[in-house]
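The block underneath contains the structure these notes are about, expressed in structure tokens.
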Amino acid sequence: MDFSVVELSAEDAEFRDRLRAFLADVVTDEVRRRDRETGENFDEGVHLALGAEGYLASDWKEESDGGFSAVRRRIFDLEIGRAHTPWFHWGTTAMVAHKVEQFGSPELAREVIPGVLSGHIRLCLGYTEPEGGSDVATCKTRAVREADGSSWVINGSKMFTSNAQNAKYVFLLTNTDPDAPKHKNLTMFLVPLDSPGIEIQPIRTIDGDRTNIVYYSDVRVDDKYRIGEVNGGWSVLREALDVEHGTFERDLEGLQRIAVMSEQATLMAEAIDRIAALAAEAGPDGRRLLDDTSVAYRLGRGVARLEAALSTPGMFGRVANAQAMRDVSPDLMDLLGAASALPVGTSRAADDGAAEYVFRLALPTGIYGGTLEVFRNMIAQHALGLGRPNYSPPASSRRG
């Protein structure tokens, strides 16, 4: 792994400075405050401004089609994170838009892609079901083709459809042949969320984020919104899942994020830096927290764990980032004492709520896009070749 510094050209440095100034103008303290309060990880004004400036189109397109170079794409990702931009849902929209372009009809691509690149159309994911867990292939949401073949009727429900309240379409996984074998009975649709029969209900996670459960009751969808072949949805979905899981092939430049969830781990790094600075300040009695060797040890251990996690690629990094957050954040709160439990913006919060927020964020970070247990099984099977896990109860021992 090459950790060498990339020297920026004058043009790339100018791009970075221009982007940084733009984000300073649009991602205001009010935007960040509102995002913390709503937990939506989205701000329409910021999103539309990014679209109007051409940043969304440049991020979505390949360099050969006028998109960012590898260096500028990395600059863009870093500056977006440093500004604490409400941003997580753009990755979903961009990924689904690529599937529409790849597997959808030209008519549908013309309807969707321009609005995606301008920021006016956002897309969300309809995979997980209330009783399905991380195995999305157990899908029970039914899509039945009408007799004339021109449309479908959809019934079912989906959990954790984040950003549905701000999206125009949902990338929906359906079961179109209950009698067919698993993975051969699935069909994908891009369903307009203003269709009659769709009900979106909010759900709050422990970290304050909003997600949704969405109900589909006799929702009629034109066949033009089908993505890919009938019962061929797994082929469409598999690549999309690889992107969400961070298991896709890396580019040769090595400038991509090395693992999924590195943005959340970066928030953890900021919290550690803030707490280390507080620990180095003298208190009313002239003593510093760092004068206690156990405090210095625990802070150092937390920094080392996080640095290792942020340097770990692929599925391994996906697990390492979330697990480091879960293990280190309680330690940080313990070091600061009871005042660390006060949230951001609260009077006398030990570190303005940084540790408290990361502590709450750590739990869902290990669930988004699949649980840590799922990813550990993927590592065991696909990376280490250990075979499928056996969850059957142990055989009872016989006594002679």
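The values are calculated or read from the model by the stated rules, or taken from the named source; none is laboratory data. On a predicted model such as this, the values are computed, not experimentally measured, just so you know. Reconstructed Cβ throughout: ideal geometry from the backbone, glycine too, with neighbour counts over all protein chains shown. For the accessible areas, the whole protein counts, side chains as well, though only heavy atoms, and no ligand, DNA or RNA atoms are used. Shrake-Rupley method; radii C 1.70, N 1.55, O 1.52, S 1.80 Å.
Side notes on the structure shown:
- The range 59-78, subset under 20 Å from the mean Cα position of the chain (by Cα), buried (at least 18 other Cβ atoms within 10 Å of the Cβ) and not acidic (Asp, Glu), residue farthest from residue 10 (Cα to Cα): 60
- Selection status of residue 107, closer than 26 Å to residue 91 by Cβ and open to solvent by 60 Å² or more (accessible area, probe 1.4 Å): yes
- Top-ranked residue in the range 338-369 [being β-branched (Val, Ile, Thr) and not in a helix (DSSP H, G or I); ranked as farthest from the chain's Cα centre (by Cα)]: 346
- Here the range 49-58 is the region considered, the condition is being part of a helix (DSSP H, G or I) and farther than 20 Å from residue 95 by Cβ, and the residue that is most open to solvent (accessible area, probe 1.4 Å) is 52.
- Residues of the range 291-315 that are without any contact (Cβ under 8 Å) to a residue 12 or more places away in the chain, open to solvent by 50 Å² or more (accessible area, probe 1.4 Å) and assigned to a helix (DSSP H, G or I): 291, 293, 294, 297, 304, 307.
- Residue in the range 226-247 that is part of a strand (DSSP E or B) and either touching a residue at least 40 places away in the same chain (Cβ under 8 Å) or not basic (Lys, Arg) (or both) present: yes
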